[in-house]
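Notes to accompany the following structure.
The values are calculated or read from the model by the stated rules, or taken from the named source; none is laboratory data. Just so we're clear, the structure is a prediction, and the values are computed from it rather than from any experiment. Every residue, glycine among them, receives a Cβ derived from its backbone with ideal geometry; neighbour counts consider all protein chains shown. Protein only, heavy atoms only, side chains kept; ligands, DNA and RNA dropped before computing areas. Shrake-Rupley method; radii C 1.70, N 1.55, O 1.52, S 1.80 Å.
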Amino acid sequence: QVQLVESGGGLVQAGASLRLSCTISGSIGSVNVVGWYRQAPGKQRDLVATLTGGGTNYADSVAGRFAISRDNTKNAIYLQMNNVEPEDTAVYYCTLETGVFTKRVYWGQGTQVTVSS
């Protein structure tokens, strides 16, 4: 089955850089969208960034600081986080949508990012 596993989270200081990775295993077929979401304690899970064949989309709060990318050869999704802020503290989840006629959405287990001031 398809499995997504995030890694790269940790404790960093404000202003630092961090790169999250999401490895994909299993037969995924046609990929429509890859993305990253995050959820802070007591808050809803919000979109961080998405990547499609047509380009990228970022939440206003991270635009200009974060960058999403995909490496098909390594079967991985990345989130480059630059100039992180304490408000970026959250559990970060990668997500994958596949399928042409039947859409399927997969999620990873999440990785904790904590930004200290």
Report summary line: The longest stretch of the chain containing none of the trypsin sites (Lys or Arg not before Pro) that sit in a DSSP loop with at most 13 other Cβ atoms within 10 Å is 1-42
Query raised in the report: Ordering Val84, Val105, Val5 by how much accessible area each has at a 1.4 Å probe, largest first, what is the list?
Result: Val105, Val5, Val84
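Run the numbers for Ala40 and Ala14: contour at 0.36 nm per residue of separation, minus the present Cα-Cα distance, in nm. It would help to have the intermediate numbers written out before the result.
Numbers: separation 26, 0.36 × 26 = 9.36 nm, distance 1.64 nm.
Extending this stretch completely gives an extra 7.7 nm.
In the range 1-77, which chymotrypsin sites (Phe, Trp or Tyr not before Pro) fall in coil by DSSP and have 16 or fewer other Cβ atoms within 10 Å? Show your work: numbers first, answer last.
Details: sites: Trp36, Tyr37, Tyr58, Phe66; in loops: none.
Filter output for the range 1-77: empty list.
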Report task. State, to one decimal in nm, how far the label point of Lys103 lies from the label point of Ser117, with both points 7 Å from Cα in the Cβ direction. Result -> 3.9
Query raised in the report: How large is ³J(HN,Hα), in whole Hz, for each residue of the range 95-111 in order, when computed from phi with the Karplus curve 6.51 cos²θ - 1.76 cosθ + 1.60 and θ = phi - 60°, using x for Gly and Pro?
Result: 9, 9, 10, 10, x, 9, 9, 10, 8, 10, 10, 10, 10, x, 7, x, 9
Query - Cα lying deepest toward the dipole's positive end in the chain, options Val31, Gly42, Trp107, charges on Cβ - result: Val31
Report summary line: Across Leu11, Leu20, Leu96, the residue with the highest GNM fluctuation in the chain (Cα network, 10 Å cutoff) is Leu11
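Just the accessible area per residue of the range 1-106, please: how many Å² with a 1.4 Å probe?
54
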Requested in this report: At 1.4 Å probe size, with no ligands or nucleic acids counted, give the accessible surface of Asp88 in Å², nearest ten.
Outcome: 0
